[in-house]
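Trainee: Just passing along the structure, written as structure tokens.
The values are calculated or read from the model by the stated rules, or taken from the named source; none is laboratory data. What you are looking at is a predicted structure, and each value in this text was computed from that prediction instead of being measured. A quick note on method: Cβ atoms are made from the backbone with ideal geometry, for glycine too, and the neighbour counts reach across all protein chains shown. Accessible surface is based on the protein model in full, side chains and every heavy atom, while ligands, DNA and RNA are left aside. Shrake-Rupley method; radii C 1.70, N 1.55, O 1.52, S 1.80 Å.
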Amino acid sequence: MTEFSKRVEQVSISGIREVFEAAGEDAINLGLGQPDFPTPEHARSAAVEAIQAGETDAYTSNKGTESLRESISAKFERDRGLAVDPEDIIATAGGSEALHLVMEAHVDQGDEVIYPDPGFVAYEALTHVAGGEPKPLPLREDLTLDPATVEEHITEDTAAFIVNSPGNPTGAVQSEADMKEFARIAEEHDVLCVSDEVYEHIVFDGEHHSPMEYTDSGNVVVVSACSKTYSMTGWRLGWVVGSNERVERMLRVHQYVQACASAPAQYAAEGAIDGPQDVVDEMVATFEERRDLVVDGLTDMGLEVPEPKGAFYVMPKVPEGWVDEVLDRGVVVVPGEAFGEHGEGYARISYATSTEELEEALDVMREATEAVR
């Protein structure tokens, strides 16, 4: 077995697939991060127009079309007040590939990667695939990552630390003060900060901030995507932004494993970013209403619920046996330990589905809560 094969064998989805496979076809699935909104019409139309014009018949630049990268650059100026050179952007096959590029380009055999626990399952998996050593860190009571804890665990072997805000699976949003600290840590310790901002526009309380706003050291790389903001998970279109030196390093990986992101998806993304943003506001308002419904329902059951300030997940503390009772009654939720050992005793619930299904699921959860008490 090759060294790479051994690393891949270490990659695990931590039981999430087993949870989904065990659920019946009639189950209410609150385990997926899939918005139940259609892709905006102006995004779909942009792809169709490009296809009909023959603009999607050939490879694009490895980095992506110039027009898409200019749109992403303008988006950074519009949203964050940041001037980003389009040459410092790579369009990728979703946020997942963007994360993969960052890890493969910056993590060597034995390097440590710090990330939140509970945290997105890909952080551990991609660290293993790159040959690195995962270093998960526990979160605060509100499920945010403490910069002081990150700084305390940085060693000479640390290649990168990952910040995810708004967070999956927690829904937590890091404060501006936290982001400034993460930027300082990256600069002072000369270590890469990977900022996963896939849920950047789905914020209910406070504002989203990026550590890239607070340093020009080149030690922050931002990963994002159209997947959640524009309900475009199936289009597989994301991007990674960083200093020119880091982008060129990541491009060497991207151009051989992917060549370029799908051309139709690139045109759809450009249409989504440049088009009307009221559809995003409408989705976020709906997610906030669903957040309130679910949080109130779980709290009424007597569960302890750190209130999510963004994304579309809530992560309540649950009694032993609660997840199994809910699953047995036909509602899919994900056990917290699937996202790391510090997730034990929690469950992740997605409210990216209809209000009707959420109300029905809450009735089931009440029954399950009574059953385990």
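Trainee: For the stretch 57-124, with only Lys/Arg (+1) and Asp/Glu (-1) charged at the beta-carbon, what is the dipole magnitude about the Cα centre, in debye rounded to 20?
Mentor: 340 debye
Trainee: Given the protein chains as shown and a 1.4 Å probe, how many square angstrom of SER231 are accessible, to the nearest 10?
Mentor: SER231 exposes around 10 Å² with every protein chain in place.
Trainee: Of [x] 18; [y] 22; [z] 15, which one was derived for percent of Cα pairs over 37 Å apart from the structure shown?
Mentor: [x]
Trainee: Under a 5 Å amide H to amide H cut-off, with H placed in plane at 1.01 Å, what residues pair with THR158 once short-range neighbours are removed?
Mentor: The list, which skips near neighbours in sequence, is GLU112.
Trainee: Averaged per residue, what accessible surface does the stretch 115-189 expose to a 1.4 Å probe, in Å²?
Mentor: Ligands and nucleic acids excluded, the result is 35 Å² per residue.
Trainee: Further, regarding this structure: Using Cα pairs closer than 8 Å and at least 6 residues apart in sequence, work out the relative contact order for the chain, in percent.
Mentor: Rounded, it is 25 percent for the chain.
Trainee: Which of the listed residues, ILE89, LEU126, ALA159, is farthest toward the dipole's positive end in the stretch 67-184, when Lys, Arg count +1 and Asp, Glu count -1 at the beta-carbon?
Mentor: Result: ILE89.
Trainee: Would you mind working out the magnitude of the charge dipole of the chain relative to its Cα centre, with +1 at each Lys and Arg C-beta and -1 at each Asp and Glu C-beta, to the nearest 20 Debye?
Mentor: That gives a dipole near 840 debye.
Trainee: Would you mind checking the tilt of helix 244-257 against the longest principal axis of the Cα atoms of the chain, expressed as 0 to 90 degrees and rounded to 10?
Mentor: 80 degrees
Trainee: Please state the charge dipole magnitude for the stretch 174-263, taken about the Cα centre, from unit charges on C-beta atoms (+1 on K and R, -1 on D and E), reported in debye and rounded to the nearest 20.
Mentor: Dipole size: approximately 620 debye.
Trainee: Net charge around HIS189, counting only other residues with Cβ within less than 11 Å of its Cβ (Lys, Arg = +1; Asp, Glu = -1)?
Mentor: Counting the neighbours of HIS189, the net charge comes to -4.
Trainee: Starting from 0.36 nm per residue, how many nanometres of slack lie between GLN52 and THR299 once their C-alpha separation is accounted for?
Mentor: Here the answer is 83.8 nm.
Trainee: Going by amide H atoms built from the backbone, whose H comes under 5 Å of the H on ILE90, apart from near neighbours?
Mentor: For ILE90, whose amide H was placed from the backbone, the distant partners under 5 Å are VAL240.
Trainee: Express in nm, to one decimal, how much length is gained between GLN34 and ASP190 on full extension, taking 0.36 nm for each residue of separation and deducting their alpha carbon distance.
Mentor: Contour length minus the Cα-Cα distance gives 52.5 nm.
Trainee: Calculate one ³J(HN,Hα) per residue across the stretch 176-181 by plugging θ = phi - 60° into the Karplus curve 6.51 cos²θ - 1.76 cosθ + 1.60, and present them in order as whole Hz with x for glycine and proline.
Mentor: Karplus values, whole Hz, x for Gly and Pro: 4, 4, 4, 5, 4, 5.
Trainee: Roughly what would the spin-label model give for ARG249 and SER61, points 7 Å off Cα along C-beta, in nm?
Mentor: About 2.2 nm, to one decimal.
Trainee: When the solvent-accessible surface of protein heavy atoms is calculated with a 1.4 angstrom probe, in what order do LEU137, LEU32 fall, highest first?
Mentor: Result, largest first: LEU32, LEU137.
Trainee: Right, another one. Angle, helix 278-300 long axis vs. longest principal axis of the chain, Cα atoms, 0 to 90°, nearest 10?
Mentor: Around 30 degrees separate the two axes.
Trainee: What residues qualify as long-range amide H neighbours of ASP117, i.e. H under 5 Å apart, gap of 5 or more or another chain, H built at 1.01 Å from N?
Mentor: LEU137, LEU139
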